[in-house]
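First the structure, in the form of structure tokens, and then the observations on it.
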Amino acid sequence: MSNTKSRYAEVLLSALLCWATMSAAQSIKSPEVHSDGSVTFRLLAPAAIKAELHLELASGMSTLPMSKGASGLWTVTSTSLRADVYSYTILLDGLEVVDPAVREFVPNLFDQGGLFTVPGSPPESWELTEVPHGSVSHRFYNSKILSRESDLYVYTPPNFDKSGETRYPVLYLLHGYSDMADAWTVMGRANFILDNLISKGKAKPMIVVMPLGYGALKLLDRGWNIGHDELWRSNIERFSDVLLTEVIPQVERDYPVQKNRDGRALAGLSMGGAESLYVGLNHLDQFAWIAPMSAAIFDDPAATFPKLDQTQAATIKLLWIACGKEDNLIKSNRQFKSWLASRNIKFESVETEGAHTWQVWRRNLTDLVPLLFK
């Protein structure tokens, strides 16, 4: 056989083996959620030497070693997990990969992964249930401040009245660093949480606006190496301008909303929590409801909020500060609450079990929404 024919045969054999492996992988069920809440993960990787499952729990990341079968199928079954939405990846010989059999995915600028749900009985607030559903719209706009196109998602409640006779309050809900604008709908399941709470009469019908939250995209060039410096501050300050002068005006132009501070709430997680505090507490004429979750507080509050005093803060209807007890940001959040207390500024402190994870923030949102616009 000539060298050309030999090379052709090698390529054909390789392609056939690849096709066979892909076909086998497509028939693999992973993740498989069992009735007791345990989950089995499977990955076909005959040539791999080591495989580990990285599973995000409320307390943080957990690593589970996977076992290799004779056919090259790696498997591991977790213990029973509580009802929730989970993200995971697989470390294959040191390379982090997304399970090729998974059907749902993490949207993130740095860390992708697979998603699965362990259902509750009865269903949890973030699960899809048979109730009237609102709508989620993806909108784009040209930001003159940022000199680029940006986007936002808007949730309108079930039986939304487009006529303008009903004026809805608005929750501006902000994502964290590394997230995209769809983080609160995909990871937070915010639309399902609103649907379920509204259907039970536990929350007022409201519009939820979820904008892309970066005032300085250059910050993302640092990856996870971010800190307290001028670029971080610029990111928050410029986003504040975008929210106040571009996002809110277009929402109030295009939707039948209440155009006063009593009808506006501001909440967010991590970077979005810091933005919620910065924008909200420096513009109390615009917002009466402020709710940071696991806020990435780096700055000196006395310098960040120089005009905030007991008299001014008395106009706040709700200042709700939540953080997980195992979160690395719990110390700075407690220091901030101590500063507020030293100035006789009232707030509600919410500390739950859990780290810096969506399993904490979904529960935060579920607890927060019924408190708004009362």
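Some notes on this structure:
- Mean Cβ neighbour count within 10 Å, used as a protection proxy, ranking 54-61, 315-322, 30-37 highest first: 315-322, 54-61, 30-37
- Residue-by-residue Karplus 3J(HN,Hα) for region 200-211, coefficients 6.51, -1.76, 1.60, Hz, glycine and proline x: 8, x, 8, 9, 6, x, 8, 9, 10, 10, 10, x
- Derived scalar couplings ³J(HN,Hα) [region 108-114; Karplus, 6.51 cos²θ - 1.76 cosθ + 1.60; whole Hz; x for Gly, Pro]: 7, 6, 10, 10, 8, x, x
- Among PRO292, PRO122, PRO46, the residue with the largest mean-square fluctuation in a Gaussian network model of the chain, with springs joining Cα atoms closer than 10 Å, is PRO122.
- Length released on extending from ASP161 to TRP339, taking residue separation times 0.36 nm less the Cα-Cα span: 59.8 nm
- Computed from label points 7 Å out along Cα-Cβ, the spacing between LYS331 and GLU348 is 2.9 nm.
- Under a model in which nothing but the beta-carbon of Lys, Arg (+1) and Asp, Glu (-1) is charged, region 92-213 shows a dipole of about 700 debye around its Cα centre.
- When +1 charges are put on Lys and Arg Cβ atoms and -1 charges on Asp and Glu Cβ atoms, the dipole computed for the chain relative to its Cα centre reaches about 320 debye.
- Rolling a 1.4 Å probe across the protein heavy atoms gives region 311-374 an accessible surface of 46 Å² per residue.
- With all pairs of different C-alpha atoms in the average, the Kirkwood value for the hydrodynamic radius of region 193-286 is 14.9 Å.
- Rg to Rh, two decimals, where region 293-343 supplies the alpha carbon set and Rh follows Kirkwood: 0.97
- Its relative contact order, with pairs defined as Cα atoms under 8 Å and 6+ residues apart, puts the chain at 13 percent.
- Across the chain the C-alpha pair distances fall into 20 Å bins from zero in the proportions 26, 51, 19, 4, 0 percent.
- Within the accessible area of the chain (1.4 Å probe), percent carbon and sulfur: 53 percent
- Amide H contacts of TRP74 (H built 1.01 Å from N, under 5 Å, at least 5 apart or other chain): LEU43, LEU44, ALA45, GLY69
- Long pairs among LYS29/LYS331; LYS29/LYS50; LYS144/LYS346; LYS162/LYS337, criterion Cα-Cα beyond 32 Å: LYS29/LYS331; LYS144/LYS346; LYS162/LYS337
- Over all other residues within a Cβ to Cβ distance under 13 Å of ASP151, the charged ones net out to -2, with Lys and Arg as +1 and Asp and Glu as -1.
- Loop GluC sites (Glu not before Pro), region 94-197 (other Cβ atoms within 10 Å of the site Cβ: 10 or fewer; DSSP): GLU130, GLU165
- Bridging of LYS259 to aspartates and glutamates at a Cα separation below 20 Å is possible for ASP161, GLU165, ASP241, GLU246, ASP285, once same-chain residues fewer than 8 apart are set aside.
- Length-normalised contact order for region 143-225 - Cα pairs under 8 Å, 6+ apart - percent: 45 percent
- Using a Förster distance of 56 Å, the FRET efficiency for SER27-ASP309 (Cβ separation, nearest 0.05): 0.30
- Sequence-distant contacts, meaning Cα pairs under 8 Å at least 6 residues apart, place the relative contact order of region 165-284 at 41 percent.
- Dipole axis of the chain (+1 Lys, Arg; -1 Asp, Glu on Cβ), positive-most option in ILE226, VAL106, ILE145: ILE145
- The HN-Hα couplings worked out from phi for region 62-71 by the Karplus form 6.51 cos²θ - 1.76 cosθ + 1.60 (θ = phi - 60°) are 10, 10, 10, x, 9, 9, 9, x, 4, 7 Hz, whole numbers, x standing for Gly and Pro.
- Amide hydrogen neighbours beyond the local backbone of SER59, cut-off 5 Å, H modeled: ALA355
The values are calculated or read from the model by the stated rules, or taken from the named source; none is laboratory data. Keep in mind that this is a model prediction, so the values were computed, not measured. Cβ sites come from the backbone with ideal geometry, for glycine too, and all protein chains shown count toward neighbours. We work out accessible area using only protein heavy atoms, side chains counted, and drop any ligands, DNA or RNA first. Shrake-Rupley method; radii C 1.70, N 1.55, O 1.52, S 1.80 Å.
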